[in-house]
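Data first, discussion second: the structure below is written as structure tokens.
The values are calculated or read from the model by the stated rules, or taken from the named source; none is laboratory data. Only a predicted model underlies this, so the values are computations on that prediction, with no experimental measurement involved. Cβ placement follows ideal geometry from the backbone for every residue including glycine, while neighbour counts extend to all protein chains displayed. Keep in mind that these areas ignore ligands, DNA and RNA; they rest on the heavy atoms of the full protein, side chains included. Shrake-Rupley method; radii C 1.70, N 1.55, O 1.52, S 1.80 Å.
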2 protein chains.
Amino acid sequence: MRALNWNGKELSLDPAYPTPAADKSTALLRVRLAGICSTDLQILRGYMEFRGVLGHEMVGDVVEGPRELVGKRMVGEINFACGRCSFCSRGLGRHCPERRVMGILGADGSFAEYVAVPSENLHPVPDSVSDEEAVFTEPLAAAFEIVGQIEIEAADDVLVLGDGKLGLLCAQVLRLFSPHVTIVGKHEHKLKFLKRLGMRTALLSDWKPPQADVVVEATGSTSGFKTAVEAVRPRGTLVLKSTVAESHSLSLAPLVINEVTVVGSRCGVFPPALEALAQRSVIVTPLIEKVYPLADGLEAVAHAGRPGALKVLLRS
Amino acid sequence: MRALNWNGKELSLDPAYPTPAADKSTALLRVRLAGICSTDLQILRGYMEFRGVLGHEMVGDVVEGPRELVGKRMVGEINFACGRCSFCSRGLGRHCPERRVMGILGADGSFAEYVAVPSENLHPVPDSVSDEEAVFTEPLAAAFEIVGQIEIEAADDVLVLGDGKLGLLCAQVLRLFSPHVTIVGKHEHKLKFLKRLGMRTALLSDWKPPQADVVVEATGSTSGFKTAVEAVRPRGTLVLKSTVAESHSLSLAPLVINEVTVVGSRCGVFPPALEALAQRSVIVTPLIEKVYPLADGLEAVAHAGRPGALKVLLRS
């Protein structure tokens with residue numbers, strides 16, 4: 001099959017990558033659409049030392065595997081867990097120490113014609129949800145993860161730092177829990193979309209750190225943490241969504257002095273995201289910047305890496 | 001009065017520092033004993049840009065001020081709050097943005113013959129608690145603050161990093177909530193004291209980071225945070241007690257990947273600490289390394305600054 005393969009040095013479009021196999025607990029999906037995420041770009045800079053087919057955002061049709069799934073249009077949770085450890089038994093397979101992660105750790109991903117996914121990770125896509133919406137299930141689930149970890153109250157002043165793809169999704173999700181959400185970013189054209197949805201937006205250059213109850217750091221940059229610390233009130237909560245792999249110089253003293261709680265937040269389960277897409281309570285398609293055929297995958301990845309790029313998709 | 005005065009450049013024993021005044025809401029205390037804390041030593045390196053009389057740990061007798069307090073032996077909470085703001089109205093005067101802090105921010109401290117403390121900050125010391133115990137009320141309250149912020153369950157594996165004064169207190173407090181507390185440090189002679197109390201101890205050199213449910217970082221060093229991140233399990237809680245003012249190089253990615261919650265933790269209220277001292281559920285006097293008269297205050301501060309020093313006290 002055709003696949004975008006990362007060998008640790010070079011990303012290449014392999015025309016004859018081995019097609020993965022299905023079995024009684026693993027489904028083979030024909031990928032319809034896959035999304036390029038900043039994590040993919042970080043992997044190309046060495047993150048996770050991953051080798052193989054990139055990609056963890058996707059929607060596809062099951063073509064082989066468990067009979068009851070074949071023919072269904074589905075999305076797949078990306079953490080392939082052991083199912084037996086103490087994390088798995090508490091429903092936290094996404095923290096299973098033995099896990100493989102689609103396109104990130106020990107499992108080939110979705111920038112390919114086919115991808116293999118454990119059937120227990122799959123969720124059917126409601127008919128009312130288009131492929132272009134369904135491909136956002138994974139990043140949207142990551143945004144919903146926040147409200148699975150901390151309680152947002154309707155009176156809370158919530159601030160989202162970063163108008164990248166994840167920031168735009170987080171702001172919309174948080175708005176379902178508090179009307180007092182502000183998103184701060186550097187790009188007027190990105191913020192405009194949320195402004196049209198009736199949300200408060202601010203350009204970083206015109207903005208002064210407030211004393212927010214909850215701050216979500218989704219800038220993807222090393223400077224975001226410092227800004228977030230300045231913007232959260234004493235005893236407030238700072239949610240970290242950016243996986244900034246590089247070390248950078250920080251003082252943690254303000255966290256201690258102001259007794260701030262910092263919550264690291266990564267992947268989420270899919271049902272709340274699929275429900276929000278079906279109900280149109282979160283709007284995702286304006287985040288699509290361009291759709292490339294898989295054959296132009298290298299160009300697509302280069303496009304996704306441009307500063308300020310929104311979501312770039314690959315059609316298999 | 002005699003006082004240890006820090007002018008930003010030099011610490012000196014001033015024989016004629018102005019004695020503070022009492023009024024209807026502020027008591028004047030004749031200091032009996034004061035404790036030297038690592039924060040005092042940090043102030044001498046520039047922390048908080050404080051100027052004036054150092055010291056925030058103390059026990060003393062009220063000699064002037066509200067009539068009902070005069071003659072009582074008391075300890076004083078160190079945050080002098082406005083009493084009117086949103087933090088004060090929620091009982092969080094220690095986060096009042098207008099607060100002064102004894103010997104740390106805008107208020108003279110306890111390394112003196114006399115100290116002025118708002119009467120609402122004062123708590124009487126039970127007769128069964130000696131001066132040498134009562135002077136630990138403030139750091140012990142800081143240790144109890146942890147259990148006011150997070151819930152420790154009896155099944156939790158709890159790890160305390162650092163066998164300094166605060167680490168030794170934190171470990172004892174946490175042991176009241178879970179029997180599974182281990183303290184890790186560099187000094188066998190300090191750990192021995194907790195070992196005698198039946199606690200699990202480990203020398204850092206012989207120790208491998210576990211996957212603890214709760215890790216308390218009380219090393220006071222920049223390397224402590226990295227060790228703490230390695231020692232906490234996914235979805236676990238890391239409590240930061242060290243105020244390490246200096247910036248240092250860190251990667252926060254493990255917090256995101258493992259969805260760790262980091263809780264900054266500073267000062268606490270005094271009642272739980274006074275109760276623990278009265279009940280002898282926490283043992284503090286073995287932490288006393290030496291008691292100096294205030295007249296030898298400069299020597300005492302130098303002693304407190306020696307690597308590995310335990311609690312050095314000043315008797316006024």
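Of note:
- You will find that of B:A231, B:A253, B:A212, B:A218, the residue that is under 22 Å from A:V256 (Cα atoms), of a type in the set (A, V, I, L, M, F, W, C) and modelled with pLDDT under 95 is B:A253 and no other.
- Scanning the stretch A:262-309 for residues that are closer than 30 Å to B:S265 by Cβ and either touching a residue at least 60 places away in the same chain (Cβ under 8 Å) or surrounded by fewer than 21 Cβ atoms within 10 Å (Cβ to Cβ) (or both) returns A:V263, A:S265, A:R266, A:C267, A:G268.
- Listed here are the helices (runs of 4 or more DSSP H) enclosed by the stretch A:221-316 that have at least 3 residues being within 14 Å of another protein chain (Cβ to nearest Cβ): A:224-231, A:253-257.
- Of all residues in the stretch B:240-296 being assigned by TED's automatic domain parsing to the domain that holds B:L166 and among the acidic types (D, E), the one that is farthest from B:A228 (Cα to Cα): B:E246
- Evaluation of A:S178 against (1) open to solvent by 10 Å² or more (accessible area, probe 1.4 Å); (2) among the small types (G, A, S); (3) part of a loop (DSSP other than H, G, I, E, B) (one fails), failing number: (1)
- When the criteria are applied in full, A:I78 meets the requirement of being touching a Cys at 6+ places or on another chain (Cβ under 7 Å) and either at pLDDT 95 or above or more than 20 Å from A:L314 (Cβ to Cβ) (or both).
- Single residue of the stretch B:186-220 satisfying the filter (within 23 Å of the chain's Cα centre (by Cα), in a strand (DSSP E or B) and not aliphatic (A, V, I, L, M)) that is nearest to the other protein chains (Cβ to nearest Cβ): B:E217
- So B:A302, is it out of contact with any Lys or Arg (no Cβ under 8 Å at 6 or more places or on another chain), within 18 Å of B:E57 (Cα to Cα) and modelled with pLDDT under 95: no
- So A:C170, is it part of a helix (DSSP H, G or I) and open to solvent by less than 10 Å² (accessible area, probe 1.4 Å): yes
- Conditions (1) within 28 Å of B:T285 (Cα to Cα); (2) more than 14 Å from every other protein chain (Cβ to nearest Cβ); number of the one not met by B:I43: (2)
- A:N258 fulfils the conditions (1) more than 27 Å from A:I36 (Cα to Cα); (2) open to solvent by less than 10 Å² (accessible area, probe 1.4 Å) except for a single criterion, (2).
- Output for the stretch A:181-208, where each listed residue is under 21 Å from A:S38 (Cα atoms) and buried (at least 17 other Cβ atoms within 10 Å of the Cβ): A:I183, A:V184, A:G185, A:K190, A:L191, A:F193, A:L194
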